[in-house]
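Dropping a structure here in structure tokens format, bear with me for questions.
Bear in mind these aren't lab numbers, they're just calculated from the coordinates by the rules spelled out. Values in this document were obtained by computation on a predicted structure and should not be read as measured data. Cβ: placed from backbone, ideal geometry, glycine included. Neighbour counts: every protein chain shown.
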Amino acid sequence: MMIAEEDLRRVKEATDIVAVVNEKVGLKRSSSRWIGLCPFHAEKTPSFSVNPALGVYHCFGCGASGDAISFLRETQGLTFVEAVERLAPRAGVELSAEDPEQAKARQRRAALLEAMERAVAWYHDRLLTAPDASTARSYLRSRGYDGEVVRRYRLGWAPAGWDQLCQALRLPDDLLQGSGLGYVDDKRRRSDVFRERVLFPILDHQGAAIGIGGRQLPGGRDPKYKNSPETPLYRKKEVLYGLSWAKENVMRHATAVLCEGYTDVIAFHQAGVASAVATCGTAATEDHVRRLKAFGATRLVLGYDADVAGQGAAERFHAWERSHDLDIRVVALPPGADPADVGRRDPAALQRAVEEAVPFLSFRLQRVWAVADLGTNEGRARAAQQAVTMIDQHPNPLVRDPYLMEVAARTRLDPSRLRDLTREGRPERATGALYQGPIRRRTIELPRPERAALWFAVNHPETVTSHLEEELFSHDVAIGAYRALTSSATFAEAHAGADEDVATLLASLANEPDTGRSRAASLGRAFDELGNPLAQDDEATAAALSERALDVIAELVRARATEIFTAARLLGQRPNLSATEGAAHTVAITFLQANLPLLSDRHRRAAALDQLVPWLVTHQRE
Ligand SMILES: [Zn+2]
């Protein structure tokens, strides 16, 4: 649905950002801000700050920033609309009616989700209590799944009869079929999709059941694994099993472990690797990668033997490394072992395998060397050819080259001969731009007085309104921020309408406790004395604040004046300076020389600024 602009404004105004953030991050009050451990990067000392008055957060560690809506989007993986819908009721705002078509789609989705939830609960109860589930229970126990695991992952049991779930839930036909739980044949008989299987509910990232994976018992009916059919809720190209449990960890460590099945995910989670997810009955797709990227993953660790997936998969992985700026690694498990076996025997070994995961290309090359016959010329040539073919699938020449050198060294072949076998040797396939390093959130470095002036404009606008002008700034982002502030009625409006750099700057300024001291020092001090936090900027009287604001503006004026002096001096050295130009410069310099010293005199400073600022504005515009 669309959110009406007026609704959005009211939701933003009435939302208490501290309450929203506090559900995720323990915040403590520090002066007029609230501070806590950043949910977007791993840290031990807090650098995450929330300004309740202005409605924005900023992390001084990783640069994450935004408002209540972006906080929900980034920590819960919600869309913009979902985030606003989540905030509206608690802000006491009733969103305007959506159009009937959308309302119908939403109701249908809610009904399907409810059907899934009832089915999962019913199957789970069967596994825990039904006499006919005793074989399943002992099978699960033999695989190391005790009651706690069964409850935690809400495992279920589908009994053998052909319509037991249908009988129990009595869903209308369209919900039965639409949810993929059952079907109706041409004689109008209703049947269950899952029979005689141990069930693994597949949840979306918010923990709602959207599908089911079923595993046969040993000797049970084929196939071994059977998943829900595609439904409006369940799209296997996008679904990641385990994401609701893993997302927080993925976000915190920017790493996701990708496995092949539910039992692998459970094995990783039980071994303490809480960022494991699995595709459900399909190879990893770009949609899966996008989901994980949306939760901040920059490293993807493959929790299975990726080499057996074949060449096509390898090219895809390398392409994702480039297009999604991902670092793809592979866990090296003992040959033939699956994660569930390793995890059951030695959880620490599974953890270690993730920590020691090697880059995908390096993993594949190790396989080549493991079986290569380097004792003969033919064997070395064959191994080199295989290795170079693999290396050539990597899109980044800066990565390819050191690997090629390694091949040359191992096979005692001439590196330039090997390079001829790669795309460099075939210019028609060359791939243009060089690999660009990982994208980091940018921190914007501003000249100190410009940052300080903007800090006052954000936090104490009344102190700067009479003297601050756009022409006193030199940095593009500072100018953008000043324009956003002066052309908007409220800070929220300025922040929401600004481009990314300006919005980040505004949020960080709103969360800086006070200007004139370093960010780290002021945050650190606030925390040293937690319980009795410093209230530096609150305690300062209005008069003292205004004085400091004038200091900052005076500093800006001096900076601009220095530029004018320098320009004038350079101009004065020009031999062909005309008499009029010369006179104009003499006037300018005389004016500045007369007025600048007054800035150091507390009593005459305001009057001097009244002269200097309009003069500089006119001068800059000329
Ligand atoms: Zn952070």
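If I take every Cα pair under 8 Å that is 6 or more residues apart in the chain, average their sequence separation and divide by the length, what percent do I get for the relative contact order?
Values: 876 pairs, mean separation 67.3, N = 622.
The normalised contact order for the chain reaches 11 percent.
What FRET efficiency comes out for the pair Lys224/Arg382, r = Cβ-Cβ distance, R0 = 35 Å, nearest 0.05? It would help to have the intermediate numbers written out before the result.
Values: r = 37 Å, r/R0 = 1.05.
The calculated FRET efficiency here is 0.45.
Something else now. If you put +1 on each Lys and Arg Cβ and -1 on each Asp and Glu Cβ, how big is the dipole of the stretch 5-90 around its Cα centre, in Debye rounded to 20?
Numbers: 11 positive and 11 negative charges, 84 e Å.
Computed about the Cα centre, the dipole is about 400 debye.
Another one. Determine the distance separating the Cα centre of the stretch 131-190 from the Cα centre of the stretch 571-622; give it in Å without decimals.
Answer, in whole Å: 84.
Classify the chain: rounded, prolate or oblate, from the alpha-carbon gyration tensor (a ≥ b ≥ c, eigenvalue square roots; a/c under 1.5 rounded; otherwise prolate if a/b is larger than b/c)? Let's see the in-between values first.
Numbers: a/c = 2.68, a/b = 1.58, b/c = 1.70.
Oblate.
With contacts defined as alpha carbon pairs under 8 Å and 6 or more residues apart, what's the relative contact order of the stretch 99-234 in percent?
Details: 199 pairs, mean separation 32.9, N = 136.
Relative contact order here is 24 percent.
Among Lys104/Lys247; Lys24/Lys44; Lys104/Lys236; Lys237/Lys293; Lys44/Lys247; Lys44/Lys293, which pairs are too far apart, with a Cα-Cα distance over 26 Å? Provide the component values of the computation, followed by the final result.
Numbers: Lys104/Lys247 30 Å; Lys24/Lys44 16 Å; Lys104/Lys236 24 Å; Lys237/Lys293 15 Å; Lys44/Lys247 20 Å; Lys44/Lys293 24 Å.
As for pairs spanning more than 26 Å Cα to Cα, those are Lys104/Lys247.
Sticking with this one: Let a ≥ b ≥ c be the square roots of the eigenvalues of the Cα gyration tensor of the stretch 40-138; is it rounded (a/c under 1.5), or, if not, prolate (a/b larger than b/c) or oblate? If you can, show how the numbers build up before the last one.
Values: a/c = 3.81, a/b = 1.50, b/c = 2.55.
It is oblate, given that a/c is not under 1.5 and a/b is not larger than b/c.
For the chain, what is the calculated [θ] at 222 nm in deg cm²/dmol (nearest 500), taking -39500 (n - 2.57) for each run of four or more DSSP H residues and dividing by its residue count? Kindly include the intermediate steps, with their values, before the conclusion.
Working: 28 runs with 320 residues, N = 622.
So the calculated ellipticity at 222 nm is -16000 deg cm²/dmol.
Roughly what angle does helix 360-371 make with the longest principal axis of the chain, taking Cα atoms, 0 to 90 degrees, to the nearest 10?
On a 0 to 90 degree scale, this one is about 40.
While we're on this one: Zone of Val371 (label point 7 Å along Cα→Cβ, backbone N under 17 Å): which residues in the stretch 381-411?
381-391
Would you calculate the separation in nanometres between label points at Gln620 and Asp414, each defined as 7 Å from the Cα along the Cα-to-beta-carbon direction?
6.3 nm
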